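The values are calculated or read from the model by the stated rules, or taken from the named source; none is laboratory data. Since the structure is predicted, the reported quantities are computational estimates derived from the model, not experimental observations. No Cβ is skipped: glycine too gets one built from the backbone with ideal geometry, and neighbour counts run over all protein chains shown.
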Amino acid sequence: MRRLVSQLGSLILIVCITVGLLEVALRLLNWVPVHKNPISGFHISHPDLGWIGEPDYRGVFATPGFTVEVQHDAQGFRLAADPPGESALDATRIAFLGDSFTWGWGVPRGAVFTDVLATDLGPGYRIRNLGVNAYGTGQQRILMDFFLDQFSPDIVVVMFFSNDLTDNGDRKKDRRPWFELVDGQLLSRNRPVRRKMVSPLKSLMRHSVAISTLKYNYYLLEARIEQVFADRRSAAGGDDQSAAAETATNPEPPDMEKEWQLFGALLADMRTACEKRQPACALHVAYIPTRDEVWYYGERGASGIGRRAGEVSRQVGIPFLDLTAPLYAAWQAEERPARDLTPFYFRTDGHWDERGHDIAALAMSDAWGWRSRETRAPTLPGAPL
């Protein structure tokens with residue numbers, strides 16, 4: 001037993017020394033940590049919000065579909081592209097709340113739609129990206145309490161995606177704050193958050209270039225093996241995109257009346273918070289469609305979720321924009337192949353690629369009348385806004 005313990009201790013020591021030497025070598029080569037999971041890779045736990053981006057963090061976000069460097073600013077939000085120039089004293093301030101789409105999943109600095117807007121609109125506007133991965137509307141509401149007065153926006157835009165409906169009431173095993181309606185009153189629960197979203201060990205490992213690189217390469221090996229078997233199944237069964245098109249769905253929500261009521265209550269509360277500010281700010285809502293919703297728009301029109309989100313927003317008195325139509329119009333104008341199921345979305349997941357961010361930025365500036373002082377942003381071809 002003593003010999004076994006001694007051998008095990010020697011093995012652990014050798015591994016630690018090897019990893020340490022690898023860490024030093026990679027840092028000398030100016031490598032940065034690489035992650036496949038954006039929550040554990042780029043975020044830290046927060047007592048009120050559940051989690052928030054780690055301030056001043058720099059790393060690589062990589063999946064089989066893309067590899068992109070991500071940087072956070074001093075407050076933990078996605079670092080904006082270099083501004084085109086000094087903002088005017090009377091610049092219109094616009095803050096965007098959202099999840100991974102707003103954070104800029106898979107796209108580099110400068111290509112996120114908030115960066116595109118900042119470049120297109122020029123010094124007459126100041127754009128602030130407050131997107132955080134996996135946030136629902138409830139966490140966005142809490143985030144407003146921390147940053148509304150600090151940034152003093154004139155306009156706050158809530159970027160709404162379909163899974164926000166369930167996120168608002170999802171406890172995530174007590175790792176996030178959640179909301180409920182009790183006798184018409186909006187109540188927040190689990191504050192402070194009982195369990196940490198990102199463990200101290202994961203937070204420590206996140207900063208190791210060697211460990212994160214080894215973990216990522218192991219993940220790539222697994223993904224390649226899975227792809228080999230998937231290709232074999234596809235060759236044997238004739239699985240292709242046309243078959244996938246037959247099974248793709250245009251999401252129609254089941255019985256989610258409680259979730260919609262909660263969403264409406266959150267929007268009403270956010271609007272009240274904006275109106276109480278001095279000076280007051282306006283609240284807008286933009287709906288982010290899934291790629292299937294874009295695919296089916298020409299055949300079925302706006303999805304049930306998109307229509308209902310618009311109804312709820314307008315009932316509360318909030319301007320609403322469904323981004324399905326602009327994305328579909330741009331897709332048709334570019335004459336992409338009919339079998340292309342992923343117009344302006346990554347093929348490996350359901351997030352916008354760089355072109356998708358471009359279209360979203362142009363659609364919002366066109367629909368809501370945001371204009372550069374020198375030139376108007378281009379209008380999307382045939383977009384029925």
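Quick check on the stretch 179-187. Is at least one of its residues crowded, with 17+ Cβ neighbours inside 10 Å and free of Cβ contacts under 8 Å to residues at least 60 places away in the same chain?
No - not one qualifying residue is present in the stretch 179-187.
Restricting the search to the stretch 273-321, which residues are farther than 27 Å from T348 by Cα, of a type in the set (G, A, S) and either buried (at least 22 other Cβ atoms within 10 Å of the Cβ) or in contact (Cβ under 8 Å) with a residue 40 or more places away in the chain (or both)?
A273, A282, S313, G317
Here are some residues: A330, A309, A273. Which one is closer than 14 Å to S162 by Cα and part of a helix (DSSP H, G or I)?
A309
S199 passes all but one of (1) at pLDDT 75 or above; (2) surrounded by fewer than 18 Cβ atoms within 10 Å (Cβ to Cβ); (3) polar (S, T, N, Q); (4) more than 30 Å from V32 (Cα to Cα); which number fails?
(4)
In the stretch 83-101, is there at least one residue being under 16 Å from G53 (Cα atoms), part of a helix (DSSP H, G or I) and not acidic (D, E)?
yes
Here is a list: P33, P83. Which entry is on the phi < 0 side of the Ramachandran plot, touching a helix residue (DSSP H, G or I) at 6+ places or on another chain (Cβ under 8 Å) and at pLDDT below 80?
None of the others qualify; the one that does is P83.
Let me spell it out: the conditions are (1) under 21 Å from V209 (Cα atoms); (2) surrounded by fewer than 17 Cβ atoms within 10 Å (Cβ to Cβ); (3) at pLDDT below 90, and D90 meets all of them except one. Which number is the exception?
(1)
Mind listing whichever residues of the stretch 164-174 are loosely packed, with under 15 Cβ neighbours inside 10 Å and within 22 Å of A286 (Cβ to Cβ)?
T166
Name the residue that is surrounded by the most Cβ atoms within 10 Å (Cβ to Cβ), counting only residues in the stretch 125-134 that are within 18 Å of the chain's Cα centre (by Cα) and in contact (Cβ under 8 Å) with a residue 60 or more places away in the chain. Working first, answer last.
Initially, the stretch 125-134 is screened for residues within 18 Å of the chain's Cα centre (by Cα), giving 127-134.
Checking which are in contact (Cβ under 8 Å) with a residue 60 or more places away in the chain leaves us with 132-134.
On the way: V132: 28, N133: 21, A134: 19.
Result: V132.
Select from the stretch 159-182 the residues that are among the polar types (S, T, N, Q) and assigned to a loop (DSSP other than H, G, I, E, B) and write down the one among them that is nearest to N133 (Cα to Cα).
That would be N163.
Which condition breaks for G298 when tested against (1) out of contact with any Gly (no Cβ under 9 Å at 6 or more places or on another chain); (2) within 20 Å of E180 (Cα to Cα); (3) among the small types (G, A, S)?
Going through the list (1) out of contact with any Gly (no Cβ under 9 Å at 6 or more places or on another chain); (2) within 20 Å of E180 (Cα to Cα); (3) among the small types (G, A, S), G298 breaks only (2).
If you check G356 against the conditions, is it among the small types (G, A, S), crowded, with 20+ Cβ neighbours inside 10 Å, closer than 23 Å to N129 by Cα and modelled with pLDDT of 85 or more?
yes
Which members of the stretch 105-144 meet the condition of being farther than 18 Å from I44 by Cα, of a type in the set (G, A, S) and in contact with a strand residue (DSSP E or B) (Cβ under 7 Å, 6 or more places away or on another chain)?
Listed by number, the residues that qualify are G106, A118, G124, G138.
F146 versus (1) surrounded by fewer than 19 Cβ atoms within 10 Å (Cβ to Cβ); (2) part of a strand (DSSP E or B): which is the lone unmet condition?
Unmet condition: (2).
Out of the residues in the stretch 171-204 that are among the aliphatic types (A, V, I, L, M) and out of contact with any Pro (no Cβ under 9 Å at 6 or more places or on another chain), state the one that is farthest from P55 (Cα to Cα). Walk me through how you get there before you give the answer.
Within the stretch 171-204, the first condition is being among the aliphatic types (A, V, I, L, M), and the residues that meet it are 181-182, 186-187, 193, 197-198, 201, 204.
From the residues that got through so far, the ones that are out of contact with any Pro (no Cβ under 9 Å at 6 or more places or on another chain) too are 181-182, 186-187, 197-198, 201, 204.
Numbers: L181: 33, V182: 36, L186: 31, L187: 29, M197: 16, V198: 15, L201: 18, L204: 15 Å.
Here the answer is V182.
Can you pull out the residues in the stretch 253-272 that are of a type in the set (D, E, K, R) and surrounded by 15 or more Cβ atoms within 10 Å (Cβ to Cβ)?
Once the filter is applied, which keeps residues that are of a type in the set (D, E, K, R) and surrounded by 15 or more Cβ atoms within 10 Å (Cβ to Cβ), the stretch 253-272 yields E259, D269, R271.
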